[in-house]
1. Calculate what fraction, in whole %, of the accessible area of the protein assembly as shown sits on carbon and sulfur atoms when a 1.4 Å probe is rolled over the protein chains.
2. Residues with amide H under 5 Å of B:Met53's amide H, sequence separation 5 or more or different chain, H placed in the peptide plane at 1.01 Å from N; which?
3. Roll a 1.4 Å probe over the protein heavy atoms and report the accessible area of A:Trp251 in Å², nearest 10.
4. Could you give me the ³J(HN,Hα) list for the stretch A:85-93, computed from phi with Karplus coefficients 6.51, -1.76, 1.60 and θ = phi - 60°, whole Hz, x at Gly and Pro?
5. In peptide B:103-109, how many Cβ atoms from other protein chains are near each Cβ within 10 Å, on average?
6. Work out from phi, with θ = phi - 60° and the Karplus expression 6.51 cos²θ - 1.76 cosθ + 1.60, the ³J(HN,Hα) of each residue of the stretch A:78-84, listed in order in whole Hz, and give x for Gly and Pro.
7. Over the stretch A:8-47, what is the relative contact order in percent, taking alpha-carbon pairs closer than 8 angstrom and at least six residues apart?
8. Looking at the stretch B:37-125, send over the antiparallel percent of its DSSP beta bridges, to the nearest 5.
Amino acid sequence: MAEDREILKEIWEGKLPVCFNLSMDELYTMDQPEPYYILAPRQTYFPLITDKVQRHFIKHIEPGIQEQSTEIWLEYEGKPLKWHYPIGVLFDMFNTDTLLPWNITVHFQNFPEEEILHCPSKSAVESHFMSTVKEADALKHKSQVINNLQKKDHRQLWTGLQNDRFDLFWGINKKLMEGSNDDTFKYVPYRIHRQDKVYLQKLVKPMKDTGQHMTLHDLLIQLDIASHDEEAKQRVLVQGITPPMETTLLWLSEHFSYPDNFLHICLVDK
Amino acid sequence: MSETPPESENQSGHSFPAPTHTDELSCRPAKLDADKKTKIDVLLKSAGDAPIMKKKKWAVDPTKKIGWVIEFMRKYLKFEPEDSLFLYVNQSFSPSLDVELGTLYDCFSTDGKLVLHYCRTQAWG
């Protein structure tokens, strides 16, 4: 299926130009650091790509804090960014005006404990990622596929993501994207993100009782979040794209899911 | 968790972990019936060498988060700060601390209960 591979590759290669700046409140040196630019893969997580950002800014903060500081946190327009969401999801959720580059503020102090989680190490990212993949497989195949994979396959998924290696990742991920005995997923792993709300996730089968495919529109109707006559007010974004509402959910799940195996759908105000 | 854990009666300094929201139930008994309906049942099961909880089934507000449950259990089980505690759904994955119980209940409950296994070391991968 050459056509599929092209779509998967296109999604994998989605990148966002990000401009990092140190929080002005934390600037200690008189010389101001240059902004730091990264072309960030949509599919990855911030802690996997921000080591250089941290090193770039750390010499400009108070020496006492430099010594203790092991972790940075990121903010966009006053809102702390959740490191455990894929970068593409964070962008789609927040950056509704699509002004590029995406301007993000870097903080070393005043961690917003109530709003975001700490990221103690890269292995925390790995645990979170693998756990999300497992959750997705619990929904798709009652965990059968992930349980049949070997430890080295799990490693390969993670290394594929961490090192931006499409072939390595998909070598294993294709097994997770295959149907089970009844030839389809049991439930579709998706999350619906809306600003300032917890994500929405309920059980949804890929097929309706009538035997027809569930579409993106059907899903939004079922969850009672479809915009009926106010269609102009809300945008639906999946991987930065507004797919046609009649796209089947199963197809979207197989092709537009993030590496964590979840279809992340963002509902944003226009 | 609607019931008061036993140790909070004799240890006055140890109140409930009460993060952002207030626990309405404990201070407003008049609302008890209305609140009861919206609560979900959570079953906490120990795995490996984790200590067993005397009370296993709890009624919990669905908007409470996994992090809150872990904090509650650490106090209930009198864990030291250095002891780790891991929670698992379906004996397969460990939900992130900011996930609401209601969401997990919607997707992974069986027979009207959300079963969470807990252990001291990482299990199931």
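1. On the way: 9860 of 20080 Å².
Taking all protein chains in place, the protein assembly as shown shows 49 percent carbon and sulfur surface.
2. So B:Met53 has HN proximity to B:Ser46.
3. My reading of the accessible area for A:Trp251 is about 90 Å².
4. Along the stretch A:85-93, the couplings run 9, x, 4, x, 5, 4, 5, 4, 6 Hz.
5. Partner-chain Cβ atoms within 10 Å, mean over residues of B:103-109: 4.
6. x, 10, x, 9, 7, 5, 8
7. 54
8. Once the DSSP bridges in the stretch B:37-125 are tallied, antiparallel ones form about 65 percent.
The values are calculated or read from the model by the stated rules, or taken from the named source; none is laboratory data. Please read all numbers here as calculations on a predicted model, not as lab measurements. When we count neighbours, we look across all protein chains shown, and the Cβ atoms used for this are built from the backbone with ideal geometry, even at glycine. Note: areas computed on protein heavy atoms with side chains; ligands, DNA, RNA excluded. Shrake-Rupley method; radii C 1.70, N 1.55, O 1.52, S 1.80 Å.
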